[in-house]
Ligand SMILES: NC(=O)c1ccc[n+]([C@@H]2O[C@H](COP(=O)([O-])OP(=O)(O)OC[C@H]3O[C@@H](n4cnc5c(N)ncnc54)[C@H](O)[C@@H]3O)[C@@H](O)[C@H]2O)c1
């Protein structure tokens with residue numbers, strides 16, 4: 001079975017690629033579960049060497065904002081597409097044109113190319129809880145209206161609508177997941193306004209000091225990369241009829257305070273690790289974070305079998321096993 005991942009050089013794209021190459025099976029066009037025999041990985045940057053060298057992998061370095069390049073990868077026997085390529089929140093806010101080109105035009109090109117395939121492919125799309133904003137209820141529920149207050153959130157919401165409409169028309173078989181903040185992200189901080197939520201765990205466990213721009217009582221709605229990949233594969237496998245009229249849903253996550261996150265850090269790295277975190281308030285980040293929804297009742301997703309992590313400690317342990325130990329090895 002031929003699968004395409006866009007954004008495959010990024011954090012979650014590489015995690016998903018490793019899982020698919022590690023033997024995860026997917027339901028193919030005939031309805032039977034199959035191995036992934038061909039994996040096309042598309043991004044402006046190449047994935048890590050261990051992924052790229054797998055004989056099933058074809059790496060295509062290109063720009064999702066160029067329709068012809070997208071048509072050249074989503075063609076022929078492609079059966080499923082995981083569309084992750086995006087300019088993340090602060091990046092899309094800082095450069096409106098870039099956000100529109102990558103997050104909106106790129107998504108449309110992917111869906112249009114999918115529409116031209118012989119049989120409608122399953123398409124899984126990464127949306128975000130940034131589709132919510134403005135005057136929100138205390139707890140976001142499945143019927144809370146989308147009201148994005150950033151360009152990124154608006155572009156994701158439009159992507160969801162396009163995916164829903166093309167699914168309704170029978171052009172594709174789409175599913176969109178509104179992701180919580182995924183922690184712990186390995187590597188370097190990125191341009192997301194939430195990047196500190198990973199930094200305050202990652203840097204101390206690697207022996208570095210870090211500045212935390214928000215107060216200990218600040219909350220985040222989080223999910224681990226492991227559970228994110230589980231959720232993505234689960235979403236792919238769900239029969240279309242279970243999704244009904246709305247192919248987009250938000251995922252169950254954990255609402256944790258910074259203080260609780262540091263408790264998790266302490267269990268993994270001791271007080272020495274916690275002492276490497278310094279609180280240096282940043283008014284802009286605080287304001288952005290204060291505007292984000294933090295409490296969710298993910299009844300629909302739970303009913304469909306999606307699961308949050310059991311605890312923040314488990315999230316930190318997953319990072320130590322999957323990223324720190326792996327890199328050390
Ligand atoms: N990580 C999170 O907390 C989170 C939360 C909500 C939603 N999401 C969404 O999940 C997806 C993956 O996120 P991530 O954390 O892995 O981000 P990431 O930045 O690590 O990965 C995104 C990838 O898209 C690629 N990309 C950007 N512009 C491109 C272009 N013009 N053409 C081709 N590729 C391009 C980047 O090079 C990058 O590798 C994104 O769609 C993001 O919006 C992530």
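The values are calculated or read from the model by the stated rules, or taken from the named source; none is laboratory data. All values derive from a computational prediction rather than experimental measurement. Cβ sites come from the backbone with ideal geometry, for glycine too, and all protein chains shown count toward neighbours.
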Quiz item: In the range 34-54, what residues are part of a loop (DSSP other than H, G, I, E, B) and touching a residue at least 24 places away in the same chain (Cβ under 8 Å)?
Solution: 35, 36, 37, 44, 45, 46, 47, 48, 54
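Of these, 155, 206, which one is assigned by TED's automatic domain parsing to the domain that holds residue 262, touching a residue at least 60 places away in the same chain (Cβ under 8 Å) and farther than 24 Å from residue 283 by Cβ? Steps first, answer last, please.
On the way: 155 fails: assigned by TED's automatic domain parsing to the domain that holds residue 262.
Residue meeting the stated conditions: 206.
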Quiz item: Of all residues in the range 148-189, which are touching a helix residue (DSSP H, G or I) at 6+ places or on another chain (Cβ under 8 Å), within 12 Å of the ligand (Cβ to nearest atom) and in a loop (DSSP other than H, G, I, E, B)?
Solution: 150, 180, 183, 184, 185, 186, 187, 189
Exercise. Return the only residue of 17, 79 being within 16 Å of the ligand (Cβ to nearest atom) and closer than 28 Å to residue 118 by Cα.
Key: 17
Quiz item: Does the range 293-307 include one or more residues that are surrounded by fewer than 20 Cβ atoms within 10 Å (Cβ to Cβ), within 20 Å of residue 201 (Cα to Cα) and under 23 Å from the mean Cα position of the chain (by Cα)?
Solution: no
Quiz item: So residue 31 clears everything in (1) within 12 Å of the ligand (Cβ to nearest atom); (2) part of a loop (DSSP other than H, G, I, E, B) except one condition, right? Which one?
Solution: (1)
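Counting just the residues of the range 142-159 that are touching a strand residue (DSSP E or B) at 6+ places or on another chain (Cβ under 8 Å) and at pLDDT 95 or above, which one comes out nearest to residue 73 (Cα to Cα)? It would help to see each step written out before you state the result.
To start, the set of residues in the range 142-159 that are touching a strand residue (DSSP E or B) at 6+ places or on another chain (Cβ under 8 Å) comprises 142, 152-153, 156-157, 159.
Filter again for at pLDDT 95 or above, leaving 142, 156-157, 159.
Working: 142: 34, 156: 22, 157: 24, 159: 19 Å.
Ranking the candidates gives 159 first.
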Quiz item: Somewhere in the range 209-224, is a residue under 15 Å from residue 319 (Cβ atoms), more than 15 Å from the ligand (Cβ to nearest atom) and surrounded by fewer than 23 Cβ atoms within 10 Å (Cβ to Cβ)?
Solution: yes
Self-check item: Neighbours by Cβ (under 8 Å, 6+ apart or cross-chain): first from the range 16-27, on the phi > 0 side of the Ramachandran plot and at pLDDT 95 or above; second outside any loop (DSSP other than H, G, I, E, B) and surrounded by fewer than 18 Cβ atoms within 10 Å (Cβ to Cβ)
Solution: none
Quiz item: In the range 34-57, which residues are within 15 Å of the ligand (Cβ to nearest atom) and surrounded by fewer than 19 Cβ atoms within 10 Å (Cβ to Cβ)?
Solution: 44, 45, 46, 48, 52
Quiz item: What number goes with the only condition from (1) within 19 Å of the chain's Cα centre (by Cα); (2) over 21 Å from residue 186 (Cα atoms); (3) crowded, with 17+ Cβ neighbours inside 10 Å that residue 319 does not pass?
Solution: (2)
Quiz prompt | Single condition residue 281 does not satisfy, out of (1) farther than 24 Å from residue 157 by Cβ; (2) exposed (fewer than 15 other Cβ atoms within 10 Å of the Cβ); (3) modelled with pLDDT of 95 or more | solution = (3)
Quiz item: Across the range 67-85, what is the number of residues that are in contact (Cβ under 8 Å) with a residue 40 or more places away in the chain and either out of contact with any strand residue (DSSP E or B) (no Cβ under 7 Å at 6 or more places or on another chain) or over 22 Å from residue 103 (Cα atoms) (or both)?
Solution: 7
